[in-house]
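Working notes for the structure below.
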Amino acid sequence: MTSEEQKGIGSDRIRGSSVVNVDLLECPICHDLLWIPIACQRCETSFCSACINRWLAANPRKCPNRCKIYIERKCPSFIVKLLAQLQLSCYYQSRGCEQVIPYEALETHESECDYQPQQCPGCRLEVLKKDFDNHTSGCAAIELTCQECKLVYKRVDAATTHTENICLREQTKENIR
């Protein structure tokens, strides 16, 4: 997942009256809900793919459950079916997103969510994706480029740094070179 590999999916994000035993869906490494799960063939334990890959990078071929050798297999289908029953709140709920998303649609939703933060290239302020265009269209710190003379200036300085007269001077300099 775009960002879930780093931050995990806490069981507190489960919404609705779920009859699912969440303990079955917890990764024994990160203790969050399984994400892109795979399992050990020997002990049948499921892990988040990112978690087990980090584990194996530090402990080659060793299962966290002390199996002799970790052999990867697909996650058991009953675990996949239980995960598919989950409805989860969006990671950006604290920023205002009220969507409740099926487990399988979570990655797509969160990568496109209007409540994810984006940094303004001008003032470096963190702005919600839904407000980004409105913010940048009026941000005084945004750099603009004159299409005529190619001079780069900040919007706040437009009246003093780049007027019609200055633009003509810049164009004249370009023509002389």
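If you go through region 13-52 and keep only what is under 21 Å from Tyr91 (Cα atoms), of a type outside the set (Asp, Glu) and assigned to a loop (DSSP other than H, G, I, E, B), you end up with Gly16, Ser17, Ser18, Val20, Cys27, Ile29, Cys30, His31, Leu34, Trp35, Ile36. Within the span defined as region 93-116, one or more residues are more than 30 Å from Leu24 (Cβ to Cβ) and small (Gly, Ala, Ser).
For region 94-112, the condition of being acidic (Asp, Glu), touching a helix residue (DSSP H, G or I) at 6+ places or on another chain (Cβ under 9 Å) and either free of Cβ contacts under 8 Å to residues at least 40 places away in the same chain or part of a loop (DSSP other than H, G, I, E, B) (or both) holds for at least one residue. Please go through region 53-82 and pick out each residue that is of a type in the set (A, V, I, L, M), assigned to a loop (DSSP other than H, G, I, E, B) and within 29 Å of Glu104 (Cα to Cα). The one that is of a type in the set (A, V, I, L, M), assigned to a loop (DSSP other than H, G, I, E, B) and within 29 Å of Glu104 (Cα to Cα): Ile71. Taking region 127-140 as the range and being surrounded by 15 or more Cβ atoms within 10 Å (Cβ to Cβ) and not in a strand (DSSP E or B) as the test, the residues that pass are Lys129, Lys130, Phe132, His135, Thr136, Cys139. In the set (1) touching a residue at least 60 places away in the same chain (Cβ under 8 Å); (2) under 18 Å from Gly8 (Cβ atoms), Gln85 fails one condition alone, (2). The number of residues in region 94-121 that are more than 20 Å from Asn134 (Cα to Cα), touching a strand residue (DSSP E or B) at 6+ places or on another chain (Cβ under 9 Å) and surrounded by fewer than 12 Cβ atoms within 10 Å (Cβ to Cβ) comes to 1. Kindly check whether there is at least one residue in region 114-136 that is within 19 Å of Arg155 (Cβ to Cβ), in contact with a Lys or Arg (Cβ under 9 Å, 6 or more places away or on another chain), modelled with pLDDT under 95 and not assigned by TED's automatic domain parsing to the domain that holds Cys27. Yes; the residues of region 114-136 include at least one that is within 19 Å of Arg155 (Cβ to Cβ), in contact with a Lys or Arg (Cβ under 9 Å, 6 or more places away or on another chain), modelled with pLDDT under 95 and not assigned by TED's automatic domain parsing to the domain that holds Cys27. Any residue that is over 18 Å from Trp35 (Cβ atoms) and surrounded by 11 or more Cβ atoms within 10 Å (Cβ to Cβ) - is there at least one of those in region 72-93? No, region 72-93 has no match at all. Only residues that are under 23 Å from Gln119 (Cα atoms) and of a type in the set (Asp, Glu) were counted across region 142-163, and they come to 2. Screening the candidates Arg42, Arg61 for the property of being in contact with a Phe, Trp or Tyr (Cβ under 8 Å, 6 or more places away or on another chain), surrounded by 13 or more Cβ atoms within 10 Å (Cβ to Cβ) and at pLDDT below 95 yields one hit, Arg42.
The values are calculated or read from the model by the stated rules, or taken from the named source; none is laboratory data. These figures come from a predicted structure and were not determined experimentally. Neighbour counts run over all protein chains shown; Cβ positions are idealised from the backbone, glycine included.
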